[in-house]
Amino acid sequence: MPELKPAIGNAGAAMKAATGAYTPSDVSPNRRVQRRYSIRLWSVRHSRLLEWFYGRFAHVFLLLHPLWKAIGYSRAEAPVTFVEKRVKGLLFDCRMCGQCILSSTGMSCPMNCPKQLRNGPCGGVRANGNCEVEPDMPCVWVKAWEGSRNMTKGDDILNVQKPVNQSLRETSSWLRVTAEAAAMTETIKDVQA
Ligand code: SF4
């Protein structure tokens, strides 16, 4: 039961904080599952490879548009979300915000920022590049910048992101991006016809 330890740790830290007891500054009360965290850092280090792979994956998903349309996008939502959540959960510690911007953030998921900032770091990044809220975690935006420098379209990190639309949580970004791309392709075809 690898997830049990952090849960107990968090509860213990919260109880300790409630008593006003001293908590060492270098110990995170929200310690992450170390295995996932290591994989997340691997994804940032291999951002260029993942960018390349995602480009091909998105293309295949778009080619499958007639299939999604035949099934019905709404009916495909549950099984695709199930797979997306597990794959991206493993690789990026994805929080299923439903509006993925990994391609613009060096493959570092901004929803892992405790403040969930989508447009760069807060002013609290520590001198060692770690988070001010979780001192043992590198700032996701420091990692985002590092990852973006390896990517072909890394300068997309400079794009201003919209606020999170909470109504899209737990929905599939893959399907939405595909549906939007398909709709745009069809509009262009209609204009040209
Ligand atoms: S940006 Fe959203 S969809 Fe993308 S990995 Fe992070 S939580 Fe998941």
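Read the figures in this text as sums done on the coordinates, not as results from a lab. Small disclaimer: the values here were computed from a predicted structure and weren't measured. Here the Cβ is made from the backbone with ideal geometry for all residues, glycine too, and neighbour counts use every protein chain on show.
A few points about this structure:
- Filtered residues of segment 105-132 (kept if on the phi > 0 side of the Ramachandran plot and surrounded by fewer than 19 Cβ atoms within 10 Å (Cβ to Cβ)): Gln116, Gly120, Gly129
The rows are residues; the columns are (1) over 21 Å from Val87 (Cα atoms); (2) of a type in the set (Phe, Trp, Tyr); (3) over 17 Å from the mean Cα position of the chain (by Cα).
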position: Thr152; (1), (2), (3): yes, no, yes
position: Asp156; (1), (2), (3): yes, no, no
position: Asn159; (1), (2), (3): yes, no, no
position: Leu168; (1), (2), (3): no, no, no
position: Ser172; (1), (2), (3): no, no, no
position: Arg176; (1), (2), (3): no, no, no
position: Ala181; (1), (2), (3): yes, no, yes
position: Met184; (1), (2), (3): yes, no, yes
position: Asp190; (1), (2), (3): yes, no, yes
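Okay, residues lined up against (1) within 13 Å of the ligand (Cβ to nearest atom); (2) within 21 Å of Leu175 (Cβ to Cβ); (3) in contact with a His (Cβ under 9 Å, 6 or more places away or on another chain); (4) not hydroxyl-bearing (Ser, Thr, Tyr):
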| position | (1), (2), (3), (4) |
| --- | --- |
| Leu62 | no, yes, no, yes |
| Pro66 | no, yes, no, yes |
| Ser74 | no, yes, no, no |
| Val80 | yes, yes, no, yes |
| Glu84 | yes, yes, no, yes |
| Leu91 | yes, yes, no, yes |
| Cys97 | yes, yes, no, yes |
| Glu134 | no, no, no, yes |
| Trp145 | no, no, no, yes |
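- Of the candidates Ser172, Ser167, the single residue that is among the hydroxyl-bearing types (Ser, Thr, Tyr), farther than 18 Å from Tyr54 by Cβ and within 16 Å of the ligand (Cβ to nearest atom) is Ser167.
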